[in-house]
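**Student:** Got a structure for you, written out below as structure tokens; questions coming shortly.
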Amino acid sequence: MLIEQVVMKCFMKLSSNRSDTAVYHLIAGKKSIQTIQDAKLFHLDELYGIYRSFKKERFYQIIQTCEANHWLQYIGKHKEQDLYTITEKGKIWLDNQDNVLLSYYNGKKYEKYDELFLKRLYLFIQTLSNTALKAFNFIPVVDDLDITNWVKQVYASAKGQEKSILQHLYNEIVVLLHDFNEAHAHIFVDRLTGHQRYGQSISQLSELYHYEEEDIYLILIAMVHKMFRLIEKSPQDYPMMSSLIPEQKEKLTLSKSAMSTYQLIKKGLDLQQIEKARHLKLNTIYDHVVEIAINDRDFPIDTYVSDQVYEEVMHVFKSSEHVRLKDIKESVNPDITYFQIRLVLAKSNH
């Protein structure tokens, strides 16, 4: 199962440095400083947020399966959270899996656009397929007002050219699907809705192709991420598909509160002044600064971290088998704070 590969890959990279809950939050794309930093620190950006509807109950069922298969071993609790380590048997199992789909993911980059793209594609094809045959009364396969409005806007300029546009779109999809195996290509096509032909649901595809439902979803997301890469590489070859991809603005993806802190930093206020001005705890301001450092590669940290502190933290980090903040803190000069350690780790991953 693909979902088991995803979970096991996360545990392998985390290597007992984070709890099972941390793995769940990473796959589900939790918007927290800790989860985002985990994704960067453990080089798991590609799996961040690839399954945003992941149910926690299902996640723990998968943990139990992996443990029963002796792929994961429970090693105890840390701060009331369960820790697991991947076993040698688990590593062998993971190595023996077809990891092609895992290589397609780029969750941190695309997690805001993948589902949106698919919804646009499904409704756009359905709309043009029906209106090309003067069939204007059909039940939309996507019930999303923003998607509906977007398709209406695009359709206004496509009216009268439906068959030509559909042919171009068909040609582009055929070319893109050559990069995938036949079964996955069929899954992708079977989701599409045309005139008097409704695409298969996730559950129907699960039964038809003998995959778990979550695997069908993850296969589609993996394919979309790979398609995005191919389209970005040669956008001139895929003008129709390219037009369906939501605009990916190069802007900081900061929380509203962190952005407010950033604006005050830019005005020259120090962190204690910001603490008073915003009536927040200093630790909250520290979280904001770490969030800024994670998201803005040009953000300077030398105001808070000297070169000597940076080098010392990095030396311990690179030479340590573990990357828990507590372990690093115990190995560096006592004057170096957790805030400084987190900043160094945030900056080191750019």
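**Student:** Give me the pairs, please: first residue somewhere in the range 257-271 and surrounded by 11 or more Cβ atoms within 10 Å (Cβ to Cβ), second residue anywhere and of a type in the set (Gly, Ala, Ser) and not in a loop (DSSP other than H, G, I, E, B), beta-carbon distance under 8 Å, and either six or more positions apart or on two chains.
**Tutor:** Filtered contacts from the range 257-271: 264/277; 269/277.
**Student:** So which residues in the range 210-228 are closer than 24 Å to residue 140 by Cβ and either open to solvent by 20 Å² or more (accessible area, probe 1.4 Å) or at pLDDT below 95 (or both)?
**Tutor:** Matches in the range 210-228: 213, 217.
**Student:** OK, next. Residue 340 fails exactly one of the following numbered conditions: (1) in a helix (DSSP H, G or I); (2) open to solvent by 40 Å² or more (accessible area, probe 1.4 Å). What is the number of that condition?
**Tutor:** (2)
**Student:** If I go through the range 301-337 residue by residue, how many of them are open to solvent by less than 30 Å² (accessible area, probe 1.4 Å), closer than 22 Å to residue 35 by Cβ and assigned to a helix (DSSP H, G or I)?
**Tutor:** Here is the first cut: in the range 301-337, the ones open to solvent by less than 30 Å² (accessible area, probe 1.4 Å) are 301, 305, 309, 313-314, 316, 323, 328, 332, 336.
Next cut, closer than 22 Å to residue 35 by Cβ only: 301, 313, 323, 328.
Keeping just the survivors that are assigned to a helix (DSSP H, G or I) gives 313, 328.
Total meeting the criteria: 2.
**Student:** State all residues of the range 229-259 that are in contact with a helix residue (DSSP H, G or I) (Cβ under 7 Å, 6 or more places away or on another chain) and of a type in the set (Ser, Thr, Tyr); if no residue qualifies, say none. Walk me through it before giving the result.
**Tutor:** Initially, the range 229-259 is screened for residues in contact with a helix residue (DSSP H, G or I) (Cβ under 7 Å, 6 or more places away or on another chain), giving 230-231, 235, 238, 240-242, 244-246, 252-255, 257-258.
Across the range 229-259, the qualifying residues are 238, 242, 253, 255, 257.
**Student:** How do the pairs read when you match residues in the range 319-348 that are among the hydroxyl-bearing types (Ser, Thr, Tyr) with residues anywhere that are open to solvent by 60 Å² or more (accessible area, probe 1.4 Å) and assigned to a helix (DSSP H, G or I), using Cβ under 8 Å and keeping only pairs 6 or more apart or on different chains?
**Tutor:** 320/331
The values are calculated or read from the model by the stated rules, or taken from the named source; none is laboratory data. Everything quoted here is computed from the prediction, not taken from an experiment. Cβ coordinates were reconstructed from backbone atoms using ideal geometry, including for glycine residues, and neighbour counts include every protein chain displayed. Remember, those area values only see protein heavy atoms, side chains included, never the ligands or the DNA or RNA. Shrake-Rupley method; radii C 1.70, N 1.55, O 1.52, S 1.80 Å.
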